[in-house]
Amino acid sequence: MKIRAGYVQLRPKFGKVKENIEKVKALLEPHEIHLVVLPELFTTGYAFLSREELEKYAEPLPGPTVEELCEFARRKNMYIAGGIAERDGDRIYNSSFLLGPNGYMGKYRKIHLFYEEKEIFDPGDLGFPVFETPDFKAGLLICFDWLFPEAARTIALKGAHIILHSANLVLPFCQDAMITRSIENRIFIITANRVGEEKRGDKEYAFTGMSQIVAPGGRLVLRDSPRREGAGFAKINLKEAEDKHITPENHIFEDRRREFYEL
Ligand code: ACM
């Protein structure tokens, strides 16, 4: 249950899908990492001008990006989670995938769309799946999902050891909020954020970096800089996420008083 896990903090070039994938592979190649998280929309960039423009870049999931990364993951004996724009018929989702040494494992479609994403993406419709490997169980979240404690809670209640959080963060709150999500759920959370600015048409975004690994109980294992591009990783013991006691007499799930929660 002890694995080397981490993230790639990336500055994608808008629309340069091949180049962005090659950059990720180059950043990972020198390292032995068992599990890595890539940012939201890491192949394309973020600031789409319209639904029509997004349609040109959206791809099936699984599709070409997953295929290419599966080969890499097989060779490197690695699990990879990351975000892409997914086309499914006439729908387009802000999605993420999990794949591993044995191939594609599954996907998540962003449930909580942020700001102008609502104008170009369809809202996710697959709930919060948890995927099982021989070593761990993992759930996927995408960026703005951080604001909704129900999302992390649902994944934790399904038994995940770790949340793989692909992000393109622009608000300044998430990195600290994820420490709280980890305390509430006694779960690992890896947030892979992007860096840099994107200015296209009347859209302008500045991304906050500070990708991080948080351990159960809110222990900050690693936090990156706001601007550096690169891979960050640490050895973590996923077994830590299995004990849901915060004192010998307090179990964070069993102590809930659901009869009083008005939701
Ligand atoms: C975000 O959800 N990309 C801020």
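Compare the Cα positions of Asn77, Ile155, Gly124 along the charge dipole of the chain (+1 at Cβ of Lys, Arg; -1 at Cβ of Asp, Glu; about the Cα centre) and return the one farthest towards the positive end.
Asn77
Lys16: which lysines have alpha carbons under 22 Å from its alpha carbon, excluding same-chain residues fewer than 8 sequence positions away?
Lys25, Lys56, Lys199, Lys203
Using a 1.4 angstrom probe on the protein heavy atoms only, line up Phe148, Phe173, Phe42 by accessible area, largest first. Kindly include the intermediate steps, with their values, before the conclusion.
Numbers: Phe148 60, Phe173 120, Phe42 0 Å².
Most to least solvent-accessible, the answer reads Phe173, Phe148, Phe42.
Give the residue list of GluC sites (Glu not before Pro) in segment 1-50 that are DSSP loop and have at most 11 other beta-carbon atoms within 10 angstrom.
Taking segment 1-50 and a limit of 11 other Cβ atoms within 10 Å, the loop GluC sites (Glu not before Pro) found are Glu32.
Which parts of segment 64-87 would a label at Arg4 reach, counting a residue when its backbone N lies under 13 Å from a point 7 Å out along Cα-to-Cβ?
Flagged as within label range: 76-79.
To the nearest 20 Debye, how big is the dipole of the chain about its Cα centre, given +1 on the beta carbon of each Lys and Arg and -1 on that of each Asp and Glu?
Working: 38 positive and 40 negative charges, 157 e Å.
That gives a dipole near 760 debye.
Express as a percent, rounded to the nearest 5, the fraction of DSSP beta bridges in segment 117-263 (both residues included) that run antiparallel.
Details: 18 of 28 bridges.
Counting only bridges with both partners in segment 117-263, antiparallel ones make up about 65 percent.
Considering only protein heavy atoms, what is the solvent-accessible area of Asp88 at a probe of 1.4 Å, reported in Å² to the nearest 10?
80
Count the net charge of all other residues whose Cβ sits under 14 Å from the Cβ of Tyr104, scoring Lys and Arg as +1 and Asp and Glu as -1. Mind dumping the intermediate values first?
Details: positive: Arg74, Lys107; negative: Glu59, Glu67, Glu68, Glu71, Glu86.
Neighbour charge sum, excluding Tyr104 itself: -3.
State to the nearest 20 debye the size of the charge dipole of segment 1-130 about its Cα centre, where the only charges are +1 on K and R beta carbons and -1 on D and E beta carbons.
600
Gaussian network model of the chain, Cα springs within a sub-10 Å range: biggest mean-square fluctuation belongs to which of Lys203, Lys137, Lys76?
Lys203
Quote to one decimal, in nm, the extra length available between Lys118 and Ile183 on full extension: 0.36 nm per residue of separation minus the C-alpha distance between them.
Length gained between Lys118 and Ile183: 20.4 nm.
Between segment 195-210 and segment 22-80, how far is it from one alpha carbon centroid to the other, in angstrom?
Cα centroid to Cα centroid, the span is 19 Å.
Note down the net charge around Ser50, summing +1 for each Lys or Arg and -1 for each Asp or Glu among other residues with Cβ under 12 Å from its Cβ.
-2
Please calculate the 1.4 Å probe accessible area of Thr65, with all protein chains present, and give it to the nearest 10 Å².
Counting only protein heavy atoms, the figure is 0 Å².
Using unit Cβ charges (K, R positive; D, E negative) and no other charged atoms, how large, in debye to the nearest 20, is the dipole of segment 55-211 about its Cα centre?
Approximately 500 debye in magnitude.
Among Tyr261, Tyr115, Tyr79, what's the order by accessible area (1.4 angstrom probe), most exposed first?
Numbers: Tyr261 110, Tyr115 145, Tyr79 20 Å².
Most to least solvent-accessible, the answer reads Tyr115, Tyr261, Tyr79.
Given segment 21-170, what percent of its DSSP beta bridges are antiparallel, to the nearest 5?
Percent antiparallel among DSSP bridges in segment 21-170 is about 65.
Measure nothing but the geometry: give the 0 to 90° angle between the long axis through the Cα atoms of 174-185 and the longest principal axis through the Cα atoms of the chain, rounded to 10°.
With both axes taken from Cα atoms, the answer is about 40 degrees.
Give the calculated FRET efficiency between Asp90 and Glu53 to the nearest 0.05, with a Förster radius of 25 Å applied to their Cβ-Cβ distance.
0.95
Order the following by accessible area, largest value first: Asp90, Asp145, Asp224. Probe radius 1.4 Å; ligands, DNA and RNA are ignored.
Largest accessible area first, the residues go Asp90, Asp224, Asp145.
Could you give the distance between the Cα centres of segment 219-236 and segment 102-122, to the whole Å?
Here the two parts' Cα centres lie 24 Å apart.
How tilted is helix 17-28 with respect to the longest principal axis of the chain? Cα atoms for both, answer in degrees (0 to 90, nearest 10).
Helix 17-28 sits roughly 40 degrees off the main axis of the chain.
Roll a 1.4 Å probe over the protein heavy atoms and report the accessible area of Lys158 in Å², nearest 10.
100
Identify all aspartates and glutamates with a Cα-Cα distance to Lys110 below 12 Å; exclude those on the same chain that are fewer than 8 residues away in sequence.
Glu40, Glu86, Asp122, Asp125, Asp145
The values are calculated or read from the model by the stated rules, or taken from the named source; none is laboratory data. Predicted, not measured: the structure shown is a model, and the values here were computed from it. Glycine gets a Cβ as well: all are built from the backbone with ideal geometry, and neighbour counts include every protein chain shown. These accessible areas exclude ligands, DNA and RNA; they are computed on the full protein's heavy atoms, side chains included. Shrake-Rupley method; radii C 1.70, N 1.55, O 1.52, S 1.80 Å.
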